[in-house]
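These notes concern the structure reproduced below.
We did not get these values from a lab; they are worked out from the coordinates using the rules stated. Predicted, not measured: the structure shown is a model, and the values here were computed from it. FYI the Cβ positions are ideal-geometry reconstructions off the backbone, even for glycines, and counts take in every protein chain you see.
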Amino acid sequence: MRLGLWMAALTLAGCLACRQGDISAPRAAESGTATALSVPSDTTASSPTVQADGPTTGLNLRVPKASQKALAEPAFRTARYEMVERTIGPKTPYDGRPPVRDPRVLEAMRWVPRHEFVPAAYRRFSYADEPLEIGYGQTISQPYIVALMTELLKPKPDDRVLEIGTGSGYQAAVLALLVNEVYTIEIVEPLAKRAEKDLRRLGYENVFVRAGDGYRGWPEKAPFDSIIVTAAPERIPQPLEEQLKVGGRMVLPIGPQYHQELVVLTKTAPDGQRPRKAGNGLVREVVIPVRFVPMTGEIQKVGKE
Ligand code: SAH
């Protein structure tokens with residue numbers, strides 16, 4: 001019965017992906033079911049063998065040694081495995097959302113301690129499938145959305161990825177396990193500083209954090225294999241598409257406040273061979289409706305697409 005209620009709560013939560021400022025996780029998780037369930041035996045079998053700061057066996061994940069103490073905390077570990085089983089992966093009960101299937105992405109979700117990236121007051125809700133407030137009016141996205149966006153990027157071990165909207169640093173940490181280098185930009189300086197500190201403390205040495213407006217990207221490190229934007233612009237930021245490799249993918253929510261579509265853009269032609277208008281030379285695929293915090297800064301001043 002308690003499990004049934006928990007599922008109903010998740011189904012409702014699933015309708016809106018990255019809801020801002022709506023902290024319903026405490027209600028959902030107070031039932032205790034999030035952590036009361038045991039780790040299924042097959043998930044233990046699929047755990048990578050962690051080598052000192054090196055890749056993990058088979059799935060080639062870069063789990064930092066410094067994060068392993070946090071990963072070993074039993075209640076959180078159980079909750080993290082349950083989160084993947086019940087709200088992200090292919091065994092998820094059908095709720096209208098596409099399940100995430102990439103085994104590397106699912107394993108990365110099991111091997112990043114989300115509870116280290118949320119404020120102490122919300123720690124016990126870390127593995128509920130909900131966004132949580134992280135201060136300065138911002139949120140850490142819900143785990144399902146982090147996993148889905150990561151899968152849509154098609155991350156490969158040699159990739160260099162740009163993230164706009166560092167927030168807590170959690171999404172960057174998930175990517176850090178899957179790719180070679182992550183460059184991430186956060187417009188709220190105290191958030192950038194805190195995320196950088198947390199990422200350092202937990203050993204994510206292949207993540208580079210910059211405080212500033214992500215609209216202009218990170219030209220010194222361009223081009224990128226993929227770009228993820230975790231705040232919603234109303235149109236495609238043109239400098240970012242220019243910093244994407246041909247064949248590269250940009251995953252972002254696009255649309256007005258609270259009513260956006262999660263979109264995958266694939267760059268099909270080099271910049272010089274594309275009409276100047278933003279969006280040309282990009283194949284656009286709409287995934288699901290989402291709700292993200294708005295992308296602020298220069299994008300709000302530039303002309304319409
Ligand atoms: N990826 C984050 C969640 C981010 S929420 C995580 O895993 O926790 C979106 C973030 O984008 C907020 O922190 C917000 O401050 C930031 N943001 C908004 N506009 C931005 C811009 N122009 N450049 C960089 N960051 C921006």
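Observations, loosely collected:
- Amide H partners (placed H, <5 Å) of MET295, local residues excluded: ALA232
- Among the chymotrypsin sites (Phe, Trp or Tyr not before Pro) within the range 205-305, those in coil by DSSP and having at most 14 neighbouring Cβ atoms inside 10 Å are TYR258.
- In the range 226-305, inverting the average of 1/r over every pair of distinct C-alpha atoms gives 12.7 Å as the Kirkwood radius.
- Distance violations [Cα-Cα > 30 Å] among LYS91/LYS245; LYS267/LYS301; LYS154/LYS193: LYS91/LYS245
- Partner lysines whose Cα lies under 23 Å from the Cα of LYS197, excluding those fewer than 8 positions away in the same chain, are identified as LYS65, LYS69, LYS221.
- For the range 166-298, a Kirkwood hydrodynamic radius built from all Cα pairs, placed in the Stokes-Einstein relation at 37 °C and 0.692 mPa s, yields a translational diffusion coefficient of 215 µm²/s.
- With an a/c value of 1.5 or above and a/b not larger than b/c for the gyration tensor axes a ≥ b ≥ c computed over the alpha-carbon atoms, the range 92-135 is described as oblate.
- Between the range 240-270 and the range 141-171, the C-alpha centres lie 13 angstrom from each other.
- Point-to-point label distance, GLU205-HIS259, nm (Cα→Cβ direction, 7 Å offset): 4.9 nm
- Under the Karplus curve 6.51 cos²θ - 1.76 cosθ + 1.60, θ = phi - 60°, whole-Hz ³J(HN,Hα) for the range 189-200, x wherever Gly or Pro sits: 4, x, 5, 4, 5, 5, 4, 4, 4, 5, 5, 5
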